[in-house]
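Working notes, structure below.
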Amino acid sequence: SLLQLVYPYDFRLTEKEKTSICYLSFPDSYSGGLGDTQFSFRLRQSGGQRTTHYEDDGEYNREAPLTLQRESAHYFGYVYFRQVKDSSMKRGYFQKSLVLVSRLPYVNLFQSLLQLIAPEYFDKLEPCLEAVCNEIDQWPPPVPGQTLNLPVMGVVIQVRIPSRVDKPGSSPVKQFNQENLLPAPLVLPSIHELDLFRCFQPVLIHIQMLWELMLLGEPIVVMAPSPTVSSEMVLALTSCLAPLRYCCDYRPYFTIHDSEFKEYTTRTQAPPNIVVGVTNPFFIKTLQHWPHILRVGELRMSGDLPKQVKVKKLAKLKTLDTKPGIYTSYKTFLHKDKSLIKRLLKGIQRKRPSEVQSALLRRHLLELTQSFIIPLEHYIASLMPLQRAITPWKNPPQIRPFRQEDFMKTLEHAGPQLTCVLKGDWLGLYRRFFKSPNFDGWYRQRHKEMTQKLEALHLEAICEANIVAWMKDKSEVEIVDLVLKLREKLVRARCQHLPVKEETLQRVGLYIETIIGSLPEDLQAVLHHH
C-alpha cells in the first residue's frame, strides 16, 4: 500500500508514522466484501512532540470533557475504504482509502465528513480535496459549549461541542438555532457518541463484566471479522466509563505490521494495560496468553435479541476456528444486573429505535460509574484544608494524603449502596481499582484541581488582608521577599489559568506597586527592573 497524497501539504509526518498509517488504512485480512466501509484507528506519535496547528490546546482542554481532550502523543485516523471489481488490476479489484488524521476523538463528525467527501474524492481525486481543505480551513475552532455550523461541499454540518460543565448523561441540547439555514443543515446529535446498543449487541448480558474490566484497566483483545467491528467495539468499550476518563492505551484497530507489535506480543512480561482490536487470525496465536479475549462475529441487527456470546475458559481458545465468546477466567466483583437486560428486551419487543436503547445503556453505565466514583469524590474533597486555615502571609496548608484504608472506612456509611442496588464485593473492586492506571489518572487530575483551588483561595486571602499594617514592623529584606513571592504567584496564576477572578489578580498587582512604592528609591529601581 502506498501513501499517494497528504493534504494539507505542510502537515509533517515522520516516515514511521506514514508507514503505520498505510498499514492501518486497509483491512488486515482479506474480506471478499466489495463496496465501502468505514473504521477508525489510533496511532502513537513517533519522533517527539510537534507543535500543533492550534497553539492553545490548553484552553480547549480546560473546557472540554476529559474524555474529549485533544491528544498530545497520539493521532486518531478515520478511514473510508473502498473495494471494487476492476479487471485491469492484477488482483482483479481496486482498493483505495481516504484517511482523515486528527488529534480529536470526534468519531461521528469525522466519519460523517468522510461520507460526504470520499465518494467525490474517488471520482474527482485531488482537486476535490483541495476544495474541501479550503472550506475546512474556514471552520471556526471547536469551542466547548458552542454549536457550530460547518459548511462543506454544499452541505452544512451542525454539531455541538460538549463542555466540561454539561451535566453528565444529559442528552445534547436540542436548541439548535436553525437561523433559516438553507439547505437545512445535517444535524449530528452527538460529535462522538457511538450507537452503543448496536456495538454491544453480542455482549449485552456481559456489560457488567466488561465495565469492570475497563474500570480496572485490564488488558483486553477484541478479535473481530473486520476493522469496522473491531474499532467500534474498542471505542464503545473505552467510552463506557464516562464521565471517568479511561487512562490506559487503546488501539481500535491494530495490524501485525504495527511498530508496537513486538511490545504487545512478547511473553517475557505481562501484557500491557490496553484494549486492542484485531482482525488477523494470526493474532489468536500471538495473543493467546492475554487474560481476556473477546471474540465477536459480524454485527447483524435483527428484530430480536442478538445471539449472546458465552464466557469460556481461556484453554478453550482454538487457534483455527475460534467461536465467538469472552475467553477469560475473570470473576466479577458485582452481581449481574438483570433489570437492564429486561428493559432492553422490552425495547426490542416494542421495536424501539436503536438510539433509545443506546440512551438506556449509556444511562445504566453512567449510573454505575457514578455510584462507584461518588464515594471517592466525597473522600478526596474531605482532604482539602479548611478555608480558615488559609492565611495571607503563610504558604497555604498541604492537601492531606489519600489513605486507602481511611477511604474504605467511609464506605460503611457513604458507599455505593446509597445510589446503586447492585450487591457484590464493592470493597474488593475498589482495592483492585487502586492498582489501575484509571485510579492514578483520576487522582492526579483531582489533586491538580485542588492544588489550583488552594492557590486561588490563597490569592483571595492576600487580597483581603491589610498589607500596610503587615509592613509596619517588617524589614526591607522581608518586604522585598514578599514582592518577589507575590509576583511569582501572579505569573503562576496567569500561566496556569487558575480559577481566580480577574479583579483579584489586578488587586494583587496594585498591592505589589503599593509595596514597591513604599521602599527607598534605589530598591524601587531594582525591583521595577527585576
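The values are calculated or read from the model by the stated rules, or taken from the named source; none is laboratory data. Since the structure is predicted, the reported quantities are computational estimates derived from the model, not experimental observations. All Cβ positions, even for glycine, are placed from backbone atoms using ideal geometry, and neighbour counts span all protein chains on display. The accessibility values were calculated without ligands, DNA or RNA, using every heavy atom of the protein model including side chains. Shrake-Rupley method; radii C 1.70, N 1.55, O 1.52, S 1.80 Å.
Around residue 311, which amide H atoms from residues at least 5 apart in sequence, or from another chain, sit under 5 Å from its own amide H, with H modelled in the peptide plane?
Result for residue 311 returns 326.
Can you give the local net charge around residue 440? Use residues other than it whose beta-carbon is closer than 12 angstrom to its beta-carbon, Lys and Arg +1, Asp and Glu -1.
Local charge sum for residue 440: +4.
From the phi of every residue in segment 340-348, what ³J(HN,Hα) in whole Hz does the Karplus formula 6.51 cos²θ - 1.76 cosθ + 1.60 yield, where θ is phi - 60° and glycine or proline is x?
4, 4, 4, 5, 5, 4, 4, x, 5
With a cut-off of 8 Å between alpha carbons and a minimum separation of six or more residues, what is the relative contact order of the chain in percent?
12 percent
Restricting to the chain, compute how many DSSP beta bridges are antiparallel as a %, nearest 5.
Roughly 65 percent of the DSSP beta bridges within the chain come out antiparallel.
Return the long-range amide H neighbours of residue 247 (sequence gap of 5 or more, or a different chain), with a cut-off of under 5 Å between placed amide H atoms.
For residue 247, the qualifying residues are 438.
Between 0 and 90 degrees, rounded to the nearest ten: what's the tilt of helix 476-495 against the longest Cα principal axis of the chain?
Approximately 20 degrees, to the nearest ten.
Go through 272, 305, 227 and say which Cα lies farthest out towards the positive end of the charge dipole of the chain; charges sit on Cβ, +1 for Lys and Arg, -1 for Asp and Glu.
Going by the Cα projections, it comes out as 305.
Given the whole protein assembly as supplied and a 1.4 Å probe, what does the accessible area of residue 88 come to in Å², nearest 10?
100 Å²
Nearest 10 degrees is fine. How inclined is helix 227-239 to the longest principal axis of the chain, computing both from alpha carbons?
30 degrees
Past 18 Å, Cα to Cα: identify those pairs from 96/124; 336/409; 312/342; 310/423; 167/336; 262/316, in the order given.
336/409; 312/342; 310/423; 167/336; 262/316
Of the heavy-atom accessible surface of segment 466-529 (probe 1.4 angstrom), what whole percent is carbon and sulfur?
Carbon with sulfur: 57 percent of the solvent-accessible area.
For percent of Cα pairs over 41 Å apart, pick the label among (1) 22; (2) 33; (3) 15 that corresponds to the value derived from the coordinates.
Structure-derived value, by its label: (2).
Could you give the accessible area per residue of segment 466-529, probe 1.4 Å, as a whole number in Å²?
64 Å²
For residue 472, go through the lysines and keep the ones whose alpha-carbon is under 26 Å away, minus same-chain ones fewer than eight residues off.
Within reach: 394, 485, 489.
If I fit a long axis through the Cα atoms of helix 354-381 and take the longest principal axis of the Cα atoms of the chain, what angle between them do I get, 0 to 90°, rounded to 10?
The angle comes out at about 30 degrees.
For segment 325-354 and segment 404-455, write down the distance between their C-alpha centroids in whole Å.
That distance is 26 Å.
Whose amide H sits under 5 Å from the amide H of residue 277, counting only residues 5 or more places off or on another chain, with H placed in the peptide plane?
So residue 277 has HN proximity to 222, 251, 253, 254.
When a/c reaches 1.5 or more, the comparison of a/b and b/c decides; with that in mind, is segment 348-390 rounded, prolate or oblate per its Cα gyration tensor?
Cα axes put segment 348-390 in the prolate bin.
So, with +1 on the Cβ of K and R and -1 on the Cβ of D and E, and no other charges, what is the size of the charge dipole of segment 88-151 about its Cα centre, to the nearest 20 debye?
400 debye
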